[in-house]
Amino acid sequence: MEEVYRVPFSKIIDEFHLETIFLPDLPEKLEVCSTRVNRPGLQMVGFYDHFEQDRIQIIGKVEHLFIAQLAPEERTRRLEDFFRSSPVGVIVTSSIEISPEMVEMAEKYKVPLLRT
């Protein structure tokens with residue numbers, strides 16, 4: 001069974017030395033309530049059954065390459081669907097370049113967006 005806890009984003013940002021791209025509020029006021037994370041590959045192709053919004057979503061090289069190869073309109077649609085699903089936060093790894101569309105959707109849906 002998953003442990004129930006609350007930790008502010010400020011602690012996660014500090015502990016993992018994350019770069020803040022967008023935060024809808026002060027990091028001390030934003031909380032994570034799950035010890036688990038998710039790689040949203042299935043969500044990027046449109047599968048949201050059993051999607052757990054309370055998990056931090058990790059976008060790595062594979063997810064980034066998939067998104068990058070899409071036509072611009074399709075990329076925007078997939079990112080909008082993903083951010084509209086209200087994940088607690090998104091962390092982009094490996095110093096991957098974050099597209100303007102991703103920042104726009106994070107801001108539009110008020111989803112914290114960070115990068116390693």
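The values are calculated or read from the model by the stated rules, or taken from the named source; none is laboratory data. Keep in mind that this is a model prediction, so the values were computed, not measured. Don't worry about glycine lacking a Cβ; one is built from the backbone with ideal geometry, like all the others, and counts go over all protein chains shown. These accessible areas exclude ligands, DNA and RNA; they are computed on the full protein's heavy atoms, side chains included. Shrake-Rupley method; radii C 1.70, N 1.55, O 1.52, S 1.80 Å.
A quick yes/no check of all residues on (1) surrounded by 15 or more Cβ atoms within 10 Å (Cβ to Cβ); (2) under 12 Å from the mean Cα position of the chain (by Cα):
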{"site": "Gly46", "(1), (2)": "no, no"}
{"site": "Arg84", "(1), (2)": "no, yes"}
{"site": "Ile98", "(1), (2)": "yes, yes"}
{"site": "Met105", "(1), (2)": "yes, yes"}
Does Ile12 satisfy the criteria of being out of contact with any His (no Cβ under 7 Å at 6 or more places or on another chain) and in a strand (DSSP E or B)? no
Residues within the range 25-47 that are closer than 23 Å to Arg75 by Cα and in contact with a Leu (Cβ under 8 Å, 6 or more places away or on another chain), tallied: 0
If you take the residues in the range 1-19 that are under 21 Å from Glu97 (Cα atoms) and touching a strand residue (DSSP E or B) at 6+ places or on another chain (Cβ under 6 Å), which one is least open to solvent (accessible area, probe 1.4 Å)? Leu18
Residue within the range 69-76 that is small (Gly, Ala, Ser), free of Cβ contacts under 8 Å to residues at least 40 places away in the same chain and in contact with a Lys or Arg (Cβ under 8 Å, 6 or more places away or on another chain) present: no
Kindly provide the set of residues from the range 73-89 that are aliphatic (A, V, I, L, M) and either farther than 20 Å from Leu18 by Cα or in contact with a helix residue (DSSP H, G or I) (Cβ under 7 Å, 6 or more places away or on another chain) (or both), ordered by number. Leu79
Being in contact with a helix residue (DSSP H, G or I) (Cβ under 9 Å, 6 or more places away or on another chain), open to solvent by less than 40 Å² (accessible area, probe 1.4 Å) and polar (S, T, N, Q) narrows it down to one of Gln69, Gln57, so name that one. Gln57
